[in-house]
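Take a look at the structure below.
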Amino acid sequence: MGGLVVAMDGPSGSGKSSVSRGVARALGLRYLDTGAMYRAMTWWMLQQGLDLADPAALAARCGEPAITSGTDPDAPTIHVDGSDVAGPIRSTEVTAAVSAVAAVPEVRARLVAMQREIIGAGDIVVEGRDIGTVVAPDATAKIYLTASAEARAQRRSAELAGTTVEAQQAAMARRDTLDSTRKTDPLSMADGAVELDTTSLTLDEVIDAVLGVVKERG
Ligand code: C5P
């Protein structure tokens with residue numbers, strides 16, 4: 001793994017995407033959203049009519065879709081078999097189903113291999129749940145972003161129309177529990193990671209804090 005690699009992990013709504021993109025822009029780095037890859041896989045599986053409660057079926061088919069990620073922090077892209085799926089992967093249906101798909105070891109093995117290939121050239125900020133622990137344990141800087149459950153739900157419901165903070169908080173708690181308790185590569189803070197609680201910080205303050213860590217470690 002050459003060049004600068006910043007690993008950005010944390011639960012949903014902790015600010016990973018905005019912070020990662022801001023840091024990538026400030027340092028002229030690429031940006032990879034690994035959550036979008038798990039969402040793209042989930043979208044494809046739903047399109048195929050697969051039973052998401054049947055891990056063996058998901059394991060058998062997860063090698064089929066071609067998933068491609070564009071790494072420009074100003075305009076990240078995600079395609080499945082050549083179709084732009086940036087919109088559909090954010091649907092409530094995909095969001096509710098993604099943790100089950102991401103818990104399947106064969107799905108993770110395939111996506112982790114793709115992620116490592118993209119990260120290989122270095123100079124990249126990578127956001128996810130297992131970047132510092134599994135995907136890029138030798139990353140230059142590892143950040144673990146957190147925020148209170150209320151703040152995370154508030155941010156998410158501000159982004160999404162037609163949802164309440166309470167409904168959002170319940171859905172996020174469910175997803176976080178699934179992501180942190182699965183057997184393969186659960187969400188956890190990596191050794192050597194710097195934890196940043198973003199609850200009462202502005203986006204610029206968090207970006208500055210991350211830039212400070214990168215400068216120190218880089
Ligand atoms: O980051 P985002 O909320 O889009 O991620 C969607 C889901 O993808 C997470 O809830 C988690 O189940 C899965 N994921 C993962 N490992 C990653 C990134 C995302 O398991 N590195």
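Those helices (runs of 4 or more DSSP H) of region 134-218 in which 1 or more residues are within 19 Å of the chain's Cα centre (by Cα), closer than 19 Å to Ser18 by Cα and of a type in the set (Ser, Thr, Tyr) occupy 149-159.
Just a yes or no: is a residue in region 78-92 more than 29 Å from Ala170 (Cβ to Cβ) and under 15 Å from the mean Cα position of the chain (by Cα)? No, region 78-92 contains no residue that is more than 29 Å from Ala170 (Cβ to Cβ) and under 15 Å from the mean Cα position of the chain (by Cα). Restricting attention to region 156-190, the residues being at pLDDT 90 or above, loosely packed, with under 14 Cβ neighbours inside 10 Å and over 16 Å from Gly13 (Cβ atoms) number 2.
Only one of the listed residues (Ala153, Ala136) is farther than 18 Å from Gly15 by Cβ and buried (at least 21 other Cβ atoms within 10 Å of the Cβ). That residue is Ala136. Just one of the numbered conditions (1) within 14 Å of the ligand (Cβ to nearest atom); (2) farther than 13 Å from Asp33 by Cα is not true of Glu127: (2).
State yes or no: is Glu117 in a loop (DSSP other than H, G, I, E, B), open to solvent by 60 Å² or more (accessible area, probe 1.4 Å) and more than 12 Å from the ligand (Cβ to nearest atom)?
It is false that Glu117 is in a loop (DSSP other than H, G, I, E, B), open to solvent by 60 Å² or more (accessible area, probe 1.4 Å) and more than 12 Å from the ligand (Cβ to nearest atom).
For Val194, are the conditions met, namely being modelled with pLDDT of 95 or more, surrounded by 16 or more Cβ atoms within 10 Å (Cβ to Cβ) and away from the ligand (no atom under 13 Å from the Cβ)?
yes
The values are calculated or read from the model by the stated rules, or taken from the named source; none is laboratory data. None of the values given here were measured: they were computed from a predicted structure. Backbone-built Cβ (ideal geometry, glycine too); neighbour counts: all protein chains shown. In case anyone asks, the SASA skips ligands and DNA or RNA and just uses the protein heavy atoms, side chains included. Shrake-Rupley method; radii C 1.70, N 1.55, O 1.52, S 1.80 Å.
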